[in-house]
Amino acid sequence: MRLTLRARVVEACRDLPSSLAELAPGKRARVTAVEGGGGLMLRLLEMGFVPGTVVTLVKRAPFGDPLEFQVRGCHVSLRAAEAGWIQAVPA
Amino acid sequence: MSAGALRVALAGNPNVGKTSLFNELTGARHKVGNYAGVTVETREGAVAARWRPARAITVIDLPGTYSLTPVSEDEAVAFRCLHGDGAPAPDLVVLVVDAANLARNLYLAAQLCELGRPLVLALNMMDVAAAAGVPVDVDALGRALGVPVVPTVARTGEGVAALVERIGAFGQELWDMSEVRGRLLSEPPPGPLRGLGPARARWLLAAQAGGTLELTGASAAERAALGEVGEEAARSAAAAQVVARYAEVDRVLAAIGHMAGDRAPAMDRSARIDRVLTHRVWGLLIFLLVMAALFQSIFSWAEPLMGVIEGGIAWLSGQVKELLAPGVFTDLLTEGVIAGVGNVLVFVPQIALLFLFIGLLEDTGYMARAAFLVDRLMARVGLHGKAFVPLLSGYACAIPAILGTRTISSFRDRLVTIMMIPFMSCSARLPVYVLLISALFDGDARLGPFSQASLVLLLMYVLSTVSALAVGAIYKRTILKGPTPPLVLELPPYRLPRVRNTLLQVYDRTADFVRDAGTVILAMTVVLWALLSFPKPPEAPADVDPVEQRSPIAYSVGGRVGQAMEPLLEPMGQDFRMGIAILGSFAAREVFVSTLGLVYGIEADDEDNVPLRAALREAKRADGGPRYTALSGLALMVFFVYACQCMSTLAVVRRETRSWRWPLLMFVSMTALAYVMAVLVYQVGRWLGYP
């Protein structure tokens, strides 16, 4: 019963904006906004995570963190905590 | 570099072949320049005659950066150099871009356009781009950006002649970036900053937003203006700048028929390799193998070379002794100067091997993967994944390990790593542990399948590792406080390493160590020798029992200091003899063994310490009890785990931090910690009833 409830919540949230940290490996998302402290926000933007850009999560590192993204023709690795500042919608 | 030469700055992202191009242009002849007050290096060299430059050209190699926004020291230095802050501004900027990866590389081009300096684009790796199916229309790119574009393949030297010709033609044509520049600068900076140049205003604004104003050397007036802008306005203005630059990049890409999608055709092969190399099982296994090889190389492979150097030094010193009459001058020459040179040169094999490894790992692209694999573990201490290799190297020797921290870009994080490394139990501590364990512990005692001796040794390594991590975490939370640095690590395409570039780097680093840290080590060796040699003892009457007779070293200044320290040494279970040996081991930890031998009047070195072991076992206190026990040995080993008994480490830390502040703090804090821990071990042991 609890599982089905959880499944329903997941279903309902699927189309809501979420962050790149929640992306599944192999899935793509479109960046909508970048938040976080000034230095980190600028660095993320400059590495190509600008709003409108489509990003793919390539894989997670063996210990679950960091994450490897494909963005603007490059592979860039971010920690989940950092990727969490990048708002995105499924693309 | 001749006066009046055209000054050309070489800028570019990391991993785009900038170093290869610099080496091609200058024939690898350059001098290393440091910016005042920072540890980031720039290199300068004249364009080699074989390119037949139309005029004298000086090339300045800037640090490889993704942008000029001062988030770290590298970028701050790159901008200051381009802006003419502290040195004359370059006449011309050559931006090296990876033709296979324009979507991110051209961001830096947009920033350089804002700066307004004449710009030439060196479109490198044209071969890779063509092979990946994304050829670049060179003319269209030049038209879209309004700057000359020269295709190059720096690995083979292709296009370098054309690039030199283009640079030499500086001033003879119209450079027209005005259209691009106009679009980039169309949004004026917030009101209070309008008095500054447009590029500098934008740069300071980004520094204000990023909280890194201290890197910019902003004047009081500039700071006041920035203060007026306010935090939130600076943040959104700086973000808008980045978005505008990428919009311009996308416009240029569209003009040459490229898509700025998330596809990475040049990365296809690397992604396939990564299926193995960053795999959760195979990736970690291969990582362990690579690290084991790296460690083995500096721990064991360097050994024969070090033996050759030590042998050579011993031979030279023997020759000098034979040539010159015995006397103070001969001793100064052999035990001071020649020994000092030996103390410097003995590190060369380890440093060269470590930099060879690091260079190859960086060049191939594996280093970024290694950091990717272990970042999770390092992040727990608040460090970057790149701190792993230097820390691991610390188990072999702190000197190359500290030099190896240069791969860490944030200065604060480099410092934390540097402060942690000397706690790692280096190979020079091993002879000390071995002497004390074999002399003072029961060789037959076992605990299950393990001998007591091996467990004690293991304990020392565990203690050193745990302490290093704890110290790192403490520094991270106190004086070197700062957020865990963002990882934001590019995983570059795998490439075959350029052995020539790597060897050049190995030579640079090693020569730099010998030149800079070497002189300090040499001076310290001479001073230490003098302290342990003077004043000389009076001639002893022949009938004095040699055991009772004090050895010459006990008469010296160092010996007297050791004796004066005895009340301090007693709480940790040591006597003045150990005190003198501890002082002597400041030259290098393994010298402890030979100094203790001198105190006892016994020849001893790392390999043969049997007589010394016996002397330690048989030494008696005034009341007839043994002078040294397993407990006092343990306390002394704990002292060696923590104490920074290594002048070479301090010399290298000074070199890398460019101040005496950090080595001083390191020495004082480590010695205090060592003392407290050793006293604690001895006193608790006594309280528990151990002799």
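Which of the residues spanning the range B:68-84 are over 13 Å from residue B:42 (Cβ atoms) and away from every other protein chain (no Cβ under 14 Å)?
Across the range B:68-84, the qualifying residues are B:83, B:84.
Condition test on residue B:318, is it out of contact with any Gly (no Cβ under 8 Å at 6 or more places or on another chain) and crowded, with 17+ Cβ neighbours inside 10 Å?
No: the conditions fail for residue B:318.
Output the residues belonging to the range B:127-152 that are among the hydrophobic types (A, V, I, L, M, F, W, C), more than 13 Å from chain A (Cβ to nearest Cβ) and either buried (at least 20 other Cβ atoms within 10 Å of the Cβ) or part of a strand (DSSP E or B) (or both).
Residues satisfying the conditions are B:141, B:144, B:145, B:147, B:149, B:150.
Within the range B:485-519, track down each residue that is surrounded by fewer than 22 Cβ atoms within 10 Å (Cβ to Cβ), without any contact (Cβ under 8 Å) to a residue 24 or more places away in the chain and within 14 Å of another protein chain (Cβ to nearest Cβ).
B:488 - this is the single residue of the range B:485-519 that is surrounded by fewer than 22 Cβ atoms within 10 Å (Cβ to Cβ), without any contact (Cβ under 8 Å) to a residue 24 or more places away in the chain and within 14 Å of another protein chain (Cβ to nearest Cβ).
Pick from the range B:400-442 the residues that are aromatic (Phe, Trp, Tyr) and more than 13 Å from the chain's Cα centre (by Cα): which of them is surrounded by the most Cβ atoms within 10 Å (Cβ to Cβ)?
B:423
Can you tell me which of (1) loosely packed, with under 14 Cβ neighbours inside 10 Å; (2) part of a helix (DSSP H, G or I) is the one residue B:247 doesn't meet?
Just one mismatch for residue B:247, condition (1).
Can you tell which of B:352, B:368 is within 14 Å of another protein chain (Cβ to nearest Cβ), assigned to a helix (DSSP H, G or I), touching a residue at least 40 places away in the same chain (Cβ under 8 Å) and among the aliphatic types (A, V, I, L, M)?
None of the others qualify; the one that does is B:368.
Specify the residue that is modelled with the highest pLDDT; the eligible residues are those in the range B:163-179 that are part of a helix (DSSP H, G or I) and surrounded by fewer than 15 Cβ atoms within 10 Å (Cβ to Cβ).
The selected residue is B:165.
How many residues, within the range B:205-215, are assigned to a helix (DSSP H, G or I) and within 10 Å of chain A (Cβ to nearest Cβ)?
Number satisfying all stated conditions: 5.
Out of B:225, B:218, B:237, which single residue is away from chain A (no Cβ under 14 Å), among the aliphatic types (A, V, I, L, M) and more than 33 Å from the chain's Cα centre (by Cα)?
B:225
Are any of the residues in the range B:241-248 more than 20 Å from residue B:179 (Cβ to Cβ), at the interface with chain A (Cβ under 10 Å from one of its Cβ atoms), of a type outside the set (Phe, Trp, Tyr) and out of contact with any Lys or Arg (no Cβ under 7 Å at 6 or more places or on another chain)?
The answer is yes, given that some residue of the range B:241-248 is more than 20 Å from residue B:179 (Cβ to Cβ), at the interface with chain A (Cβ under 10 Å from one of its Cβ atoms), of a type outside the set (Phe, Trp, Tyr) and out of contact with any Lys or Arg (no Cβ under 7 Å at 6 or more places or on another chain).
Taking the condition modelled with pLDDT of 90 or more, assigned by TED's automatic domain parsing to the domain that holds residue B:58, aliphatic (A, V, I, L, M) and over 33 Å from the mean Cα position of the chain (by Cα), does residue B:160 pass?
no
Restricting the search to the range B:78-126, which residues are of a type in the set (A, V, I, L, M), over 21 Å from residue B:5 (Cβ atoms), within 29 Å of the chain's Cα centre (by Cα) and in a helix (DSSP H, G or I)?
Scanning the range B:78-126 gives a single hit, B:108.
Restricted to the range A:69-91, and to residues that are within 10 Å of the chain's Cα centre (by Cα) and part of a strand (DSSP E or B), which residue is nearest to the other protein chains (Cβ to nearest Cβ)?
Per the stated criteria, the residue is A:78.
Suppose the filter is farther than 19 Å from residue B:110 by Cβ and either over 30 Å from the mean Cα position of the chain (by Cα) or not in a helix (DSSP H, G or I) (or both); does residue B:279 pass it?
yes
Quick check: anything in the range B:519-529 more than 22 Å from residue B:595 (Cα to Cα), modelled with pLDDT under 85 and within 29 Å of the chain's Cα centre (by Cα)?
Yes, because at least one residue in the range B:519-529 is more than 22 Å from residue B:595 (Cα to Cα), modelled with pLDDT under 85 and within 29 Å of the chain's Cα centre (by Cα).
Only one of B:618, B:590 is among the acidic types (Asp, Glu) and closer than 30 Å to residue B:403 by Cβ. Can you tell me which?
From the options B:618, B:590, the qualifying one is B:590.
So, restricting to helices (runs of 4 or more DSSP H) that lie completely within the range B:588-691, which ones have at least 2 residues that are at pLDDT 85 or above and farther than 23 Å from residue B:454 by Cα?
Output list reads B:647-657, B:661-687.
Name the helices (runs of 4 or more DSSP H) wholly inside the range B:395-448 in which the number of residues that are assigned by TED's automatic domain parsing to the domain that holds residue B:656 and out of contact with any Lys or Arg (no Cβ under 6 Å at 6 or more places or on another chain) is 3 or more.
B:430-440
The values are calculated or read from the model by the stated rules, or taken from the named source; none is laboratory data. If you're wondering where the values come from, they're calculated on a predicted model, not measured in any experiment. Neighbour counts are summed over all protein chains in view; Cβ atoms, including those assigned to glycine, are modelled from backbone coordinates with ideal geometry.
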